[in-house]
Amino acid sequence: MGLLDFFKKGVEKPAEQKAANTPRQQPAPQSSAASGQRQQREYVIKPGDSLSKIAKQVYGNAAEWQKIYQANRNTIKDPDLIHPGQKIILP
Amino acid sequence: MTKNIIMALLVAGMLTACNDKKENAANNSASSSTESASAPSTEQLIAGESEKTWKAKRETNSEGEKDKLTKAEKEQRITFWRNGNVKMGDDAQSMTGKWTYSGQTLALQFTGENVTENFTVVELDDDEMKLRAADGSEMTMKPE
């Protein structure tokens, strides 16, 4: 499991803060690109993952990482910074 | 006569030594009470004087069974700063946020999240911190 996974498993409580913009469990993106022919899947980021690694694993082409990034723009601010335990949509 | 003088000097010497011991004992007890008065706070145990980095030592799953840490997982670190900042990650990635401690609960809020992740602090001393997650799994960490 490791620290990165463990620290995503706490009892979740709403943060006492200004309304944050990012919902934690977001519905599938509404973009037309994402609603294409291929069926969307949810993927949970594992330690050591990167978008290109996932793209290579899923589509067989690391260059398709941008497709994943575009489909998850509302949760991934920086394509170089994804977190283990984070759920993303694979278009 | 000389004998009496020598005896008197010996007795005087012994009395002086006794007084020194009493003073030392008093000083020691004073210093130990000072130490206990300044015992580290929980926040200090977690984050040290300014920051403290922890790494995984062992973990158990929700059934209480020991989970083996992989090599990559052993590389992961979490650093707590006394100013409330926290950073967690390994060589490849990291995430930052804020931490607080209250009532045996360690709360972490990672940047971009609008929820806090809350963990029960099961054990905590200078050399070990054991946390329990929502599903009952436990992580024991040691300082780096």
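Please determine whether any residue of the range B:33-51 is part of a strand (DSSP E or B), buried (at least 16 other Cβ atoms within 10 Å of the Cβ) and modelled with pLDDT of 95 or more.
no
Mind checking whether some residue in the range B:117-126 is over 18 Å from the mean Cα position of the chain (by Cα) and within 29 Å of A:Thr75 (Cβ to Cβ)?
Yes, because at least one residue in the range B:117-126 is over 18 Å from the mean Cα position of the chain (by Cα) and within 29 Å of A:Thr75 (Cβ to Cβ).
Please count how many residues of the range B:69-90 are more than 10 Å from chain A (Cβ to nearest Cβ), in a loop (DSSP other than H, G, I, E, B) and farther than 23 Å from B:Thr42 by Cα.
Matching residues across the range B:69-90 total 0.
Search the range A:5-16 for residues that are facing another protein chain (nearest Cβ under 7 Å) and pair each with any residue that is among the small types (Gly, Ala, Ser) and surrounded by fewer than 20 Cβ atoms within 10 Å (Cβ to Cβ) when their beta-carbon atoms are under 7 Å apart and the residues are at least 6 apart or on different chains.
That search, which allows pairs on different chains as well, returns A:Lys8/A:Gly85; A:Lys9/B:Ala134; A:Gly10/B:Ala134; A:Val11/B:Ala134.
Mind listing just one residue for me: the one in the range A:61-91 that is assigned to a loop (DSSP other than H, G, I, E, B), of a type in the set (S, T, N, Q) and out of contact with any helix residue (DSSP H, G or I) (no Cβ under 8 Å at 6 or more places or on another chain) and, of those, farthest from the other protein chains (Cβ to nearest Cβ)?
The selected residue is A:Asn72.
For the range B:109-144, name all the residues that are surrounded by fewer than 21 Cβ atoms within 10 Å (Cβ to Cβ), facing chain A (nearest Cβ under 7 Å) and of a type in the set (A, V, I, L, M).
Of everything in the range B:109-144, those that are surrounded by fewer than 21 Cβ atoms within 10 Å (Cβ to Cβ), facing chain A (nearest Cβ under 7 Å) and of a type in the set (A, V, I, L, M) turn out to be B:Val115, B:Ala134.
Please identify the pairs in which a residue from the range A:66-91 that is in contact (Cβ under 8 Å) with a residue 12 or more places away in the chain and under 19 Å from B:Ser94 (Cα atoms) has its Cβ atom under 7 Å from the Cβ atom of a residue that is part of a loop (DSSP other than H, G, I, E, B) and aromatic (Phe, Trp, Tyr), counting only partners at least 6 apart or on another chain.
Correct list of pairs: empty, since none qualify.
Considering the range B:102-132 alone, what residues qualify as being without any contact (Cβ under 8 Å) to a residue 60 or more places away in the chain, under 19 Å from B:Arg77 (Cβ atoms) and either part of a strand (DSSP E or B) or aliphatic (A, V, I, L, M) (or both)?
Passing the criteria: B:Leu108, B:Gln109, B:Phe110, B:Glu117, B:Phe119, B:Lys130, B:Leu131.
Taking B:Gly64 and the conditions (1) under 15 Å from A:Phe7 (Cβ atoms); (2) surrounded by fewer than 14 Cβ atoms within 10 Å (Cβ to Cβ), which numbered condition does it fall short on, given that it satisfies the others?
(1) is the only condition that B:Gly64 fails.
Against the condition within 24 Å of A:Ile45 (Cβ to Cβ), of a type in the set (D, E, K, R) and free of Cβ contacts under 8 Å to residues at least 12 places away in the same chain, how does B:Lys66 come out, does it pass?
For B:Lys66, the condition - within 24 Å of A:Ile45 (Cβ to Cβ), of a type in the set (D, E, K, R) and free of Cβ contacts under 8 Å to residues at least 12 places away in the same chain - is not met.
The values are calculated or read from the model by the stated rules, or taken from the named source; none is laboratory data. In this text, all values refer to a predicted model and were calculated from it rather than measured experimentally. All Cβ positions, glycine included, derive from the backbone under ideal geometry; neighbour counts span all protein chains shown.
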